[in-house]
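Read-outs throughout are calculated quantities, based only on the coordinates presented, and are distinct from any laboratory measurement. This is a predicted model, so every value here is computed, not measured. Quick reminder, even Gly has a Cβ in these numbers, built from the backbone with ideal geometry, and neighbours come from all protein chains shown.
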């Protein structure tokens, strides 16, 4: 959600929680953390105005700022009921992620008790997983399933089944193991269910690397980039939506992506280019308070024709997992990938 001439009530969640968590995890603390936490906590625990009287469907007239519509029931049932609020499946999954982000902010604000409650609530995505169909599925207030087609925001059950960016290993456990999750992802991409023109699917290829199949991510990100981007006036396959289409390409081309944007982690894929130099502004490596301008070079000899990673080093230090932290990136002078024509075992332990 973002500012407009009027409140359009077109999107869901309180993802400003993730923006604040992102800043704090990267050591940007030059703001009133307690006041930020007050706002995040209010969104997480206080339902919006007339929450039980409105469906809060897309562009429903005369609705207030929705914050977390359906929070009244979410706090009680652990999910948003489909027979009482619109887009309930997507809301439940987004709120679970927002709870994780809010727990990060609570911890940084010193409210550890509430942080633990929110971290536990971030598992609410489990409440709408239908083991019989192996898909996420919206539920009604009485606990019955609402149906495969119900409850989604600009997506479907295929796309939203993977919408657990804060807990990929928990998602794998829910699907009976990481091999089962890989099989589900394989089917998702092979059957054309992925829709890169819209943002709910953008993190999906990085789930492979997160659970221990990095070569699948490495090959796939290039294929997605080739199909959805080009250097023309129509170079994006979908609505830019505040820069996310471009951000996906830039991160993927560099060779890593923030799967969980409420953390300081980046999941490693494979660079598209042999050499990229990033000039970081003053303060980037020290939380925005002091420091000097800094340059990071990403080297990947042969990358345009070699899509797989054989090894990774940061200033000579070997990295064995497909995971980088923000401090690794902004504090490094040289990040070097050794590339391969064939899939390798590098990073097979996951994140």
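Working from Cα positions, state the angle (0 to 90°, nearest 10) between the long axis of helix 88-108 and the longest principal axis of the chain.
In the chain, helix 88-108 runs at an angle near 70 degrees to the longest axis.
Sort 338-345, 249-256 for me by packing, meaning the mean count of neighbouring Cβ atoms within 10 Å per residue, highest on top. Intermediate results must be reported in sequence, preceding the final value.
On the way: 338-345: 14.9, 249-256: 20.2.
Per-residue mean Cβ counts within 10 Å order the peptides as 249-256, 338-345.
Would the chain count as rounded, prolate or oblate if I go by the C-alpha gyration tensor, calling it rounded below 1.5 in a/c and otherwise prolate when a/b exceeds b/c, oblate otherwise?
Prolate, because a/c is 1.5 or more and a/b exceeds b/c.
In degrees between 0 and 90, to the nearest 10, how far off the longest principal axis of the chain does helix 178-190 point, with axes built from Cα atoms?
90
Evaluate the stretch 1-156: find the radius of gyration of its Cα atoms, find its Kirkwood radius, and give the ratio Rg to Rh. Don't skip to the answer; put the middle values down first.
Numbers: Rg = 15.6 Å, Rh = 16.0 Å.
So for the stretch 1-156, dividing Rg by the Kirkwood Rh gives 0.98.
Could you work out how far the C-alpha centroid of the stretch 97-142 sits from that of the stretch 293-351, in angstrom?
32
Helix-derived [θ] at 222 nm for the chain: sum -39500 (n - 2.57) over DSSP H runs of at least 4, divide by residue count, nearest 500?
Working: 12 runs with 124 residues, N = 351.
It comes out at -10500 deg cm²/dmol, rounded to the nearest 500.
If packing is taken as the average number of other Cβ atoms within 10 Å across a peptide's residues, how do 15-27, 153-165, 35-47, 259-271 rank, most packed first? Walk me through the numbers before you get to the answer.
Values: 15-27: 20.6, 153-165: 22.2, 35-47: 17.1, 259-271: 24.5.
Averaged packing, sorted descending, gives the order 259-271, 153-165, 15-27, 35-47.
Between 211, 12, 33, where does the largest GNM mean-square fluctuation fall for the chain, given springs only between Cα atoms within less than 10 Å?
With Cα springs under 10 Å in the chain, the top fluctuation among 211, 12, 33 is at 33.
With springs only between Cα atoms under 10 Å apart, run a GNM on the chain and tell me which of 293, 274, 66 wobbles the most.
293
Among 240-246, 215-221, 279-285, 89-95, how do they line up from the highest to the lowest mean number of other beta-carbon atoms within 10 Å? Present the calculation step by step, with values, prior to reporting the outcome.
Numbers: 240-246: 13.6, 215-221: 23.3, 279-285: 15.6, 89-95: 27.6.
Put in order of decreasing packing, that is 89-95, 215-221, 279-285, 240-246.
Once you have a ≥ b ≥ c as the square roots of the Cα gyration tensor eigenvalues for the stretch 90-219, tell me rounded if a/c is under 1.5, and otherwise prolate or oblate according to whether a/b is larger than b/c.
Oblate shape, in that a/c is at least 1.5 and b/c is the bigger or equal ratio.
Quick one: angle between helix 33-45 and the longest Cα principal axis of the chain, in degrees between 0 and 90, rounded to 10, please.
Compared with the principal axis, the helix lies near 50 degrees.
If you take the beta carbon distance between residue 341 and residue 279 as r and set R0 to 25 Å, what does 1/(1 + (r/R0)^6) give as a FRET efficiency, to the nearest 0.05?
Numbers: r = 32 Å, r/R0 = 1.26.
FRET efficiency, residue 341 to residue 279: 0.20.
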